[in-house]
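Below is one structure, written out as structure tokens; the observations come after it.
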Amino acid sequence: MTSLTDVNFSSTLPHLANLIVDSFDESTLTSGTFLRDGFGRLSFYSVRHIKASEKKAFNKLALQKLGLHVSPHGALQDADSPGFEAIKQSEKFSLKLTVQDKEASVCFVDRRFFGRDWLHPPVAPAAGAPPILVFNSIKGGVGRSTALFVLSIALSRAGKNVLLVDLDLEAPGLGALLFDGSAPTFGVLDYLVESALGGVSDDDLPMFISSSTLIDREIGQGRVDLMPAVGALTIQNPKMMMAKLSRALVEVPGDTGRPTTLIQQINEMIIRASSTSHYDVVLVDARAGLSEITASPIIGLGATNLFFATDHPHSYEGYRYLLSHLSMLPVDASSDWRSRVHFVHAKAKASMEARELFNDKLYDVVSDTFYEEDEGDDVFNYSYDDKTAPHSPFRIFFSSEFIDADPVENASLLESDVYNAAFGSFIDAAFRVLGFNQEVEDAAASF
């Protein structure tokens, strides 16, 4: 057995790449494709035909050097090998490796038992659908759900009809912020479970959405509706929660015989929900962290993503992992999903020194992991001072009034002069991203 200090999950790929160049040449490496299977074992598919004797010798060497970290079917495969055509047609990543002290770009296919939605190509915004704003965070407790609720109130006051969707299935909270004991019969959890049991009809869909009981239509011209994570049936029968949750985050049989992924189910659900009424915008509360269900709102909805962060090491470390992965996903030149990413500095201190320190740390993370290193007009890269850049954060200031905020118990939190002190800058930035600023200014000028 090889020692983990010499060979491990992270080191196997560069080790195997160097063996390929040593045994053949660089063109063999850069024209072929690496495959990592569900257990993490590697193999390499060469586009050129390789003599059986050469293949046998290489596979023996790779097994000696890399042990069980390479495929039991052989580390080296070629155009005559089973599965070659499937590999050619698979979605691929481009990775940069250091091989023999030089940088080389290689193609990579990643097979997974779990987390497959993170490999899905980012979805473009749906034509004719309302814009979607997704609230993401690495950790809970950063005020993400509270910010979503406050923004929905501000949008309502601006005359916008808003649909909120709570995808934080393991820690649902939006329902408590918006309903005073009047949740809809069903929620997102039920929709996903029923998808495998015959689906949800158009006639049943209204039972998944309710209007907030806290929005005074005399104050707010727009409506705020919610599709909660859990509905009244689950609230009344809490023993069913875990049973439903264990069945919600799975692929289900599709009409074509191929499974319908979680990312496809959630995309369909939100498109259908947003078509039940006239909505100007959809706000989605995503699950914190890097779980499977988090992939759906980030890359599966064609949404604008707000990444909430505080000035804490876990925020920077978590986003370093997330952005490093996202940087490998394909980009459609006609709709670059990366331009729809924005960071939010949550619970920000008022001092300029604290804000600049956060800006510096965030820029280091984003520039190291998300921006392209090359220069040029078509390169995704921004200078430190560019206010339109993903790393230029929206700001929400710390406010003790919004610690454990409960508008059901404290209606004053719904007053604009209360929430604007902490959230005013953030609300302005969100309106600008959604393209609503000019409409609001025009409406105000007409009174």
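The values are calculated or read from the model by the stated rules, or taken from the named source; none is laboratory data. Since the structure is predicted, the reported quantities are computational estimates derived from the model, not experimental observations. So basically every Cβ, Gly included, is an ideal-geometry build from the backbone, and we count neighbours across all protein chains shown.
General remarks:
- The single condition among (1) of a type outside the set (A, V, I, L, M); (2) assigned to a loop (DSSP other than H, G, I, E, B); (3) under 24 Å from ARG340 (Cα atoms) that ASP406 does not satisfy is (3).
- Breaking point among (1) in the same structural domain as HIS342 (by TED's automatic domain parsing); (2) surrounded by fewer than 18 Cβ atoms within 10 Å (Cβ to Cβ); (3) modelled with pLDDT of 90 or more, for LEU63: (1)
- Selection count where residues are assigned to a helix (DSSP H, G or I) and touching a helix residue (DSSP H, G or I) at 6+ places or on another chain (Cβ under 8 Å), scope the stretch 387-403: 2
- Of note, TYR316 does not satisfy the criterion of being touching a residue at least 12 places away in the same chain (Cβ under 8 Å) and surrounded by fewer than 17 Cβ atoms within 10 Å (Cβ to Cβ).
- Scanning the stretch 361-384 for residues that are acidic (Asp, Glu) and either at pLDDT 95 or above or not in a loop (DSSP other than H, G, I, E, B) (or both), we see that the one that is farthest from LEU322 (Cα to Cα) is ASP364.
- Residues of the stretch 2-18 that are farther than 12 Å from PHE44 by Cβ and in contact with a strand residue (DSSP E or B) (Cβ under 8 Å, 6 or more places away or on another chain): PRO14 alone.
- The number of residues in the stretch 123-168 being surrounded by fewer than 23 Cβ atoms within 10 Å (Cβ to Cβ), small (Gly, Ala, Ser) and over 18 Å from ILE209 (Cβ atoms) comes to 8.
- Tally, over the stretch 319-355, of residues that are touching a residue at least 60 places away in the same chain (Cβ under 8 Å) and small (Gly, Ala, Ser): 3
- Within the stretch 224-251, the set of residues being over 19 Å from the mean Cα position of the chain (by Cα), surrounded by fewer than 19 Cβ atoms within 10 Å (Cβ to Cβ) and either among the basic types (Lys, Arg) or closer than 23 Å to ILE298 by Cα (or both) comprises LYS239, LEU245, SER246, ARG247.
- Selection count, the stretch 272-295, where residues are among the charged types (D, E, K, R) and either assigned to a loop (DSSP other than H, G, I, E, B) or more than 13 Å from the chain's Cα centre (by Cα) (or both): 3
- SER81 vs. criteria small (Gly, Ala, Ser), surrounded by fewer than 19 Cβ atoms within 10 Å (Cβ to Cβ) and under 36 Å from the mean Cα position of the chain (by Cα): yes
- Output for the stretch 225-271, where each listed residue is polar (S, T, N, Q), closer than 25 Å to VAL123 by Cα, assigned to a loop (DSSP other than H, G, I, E, B) and modelled with pLDDT of 85 or more: THR261
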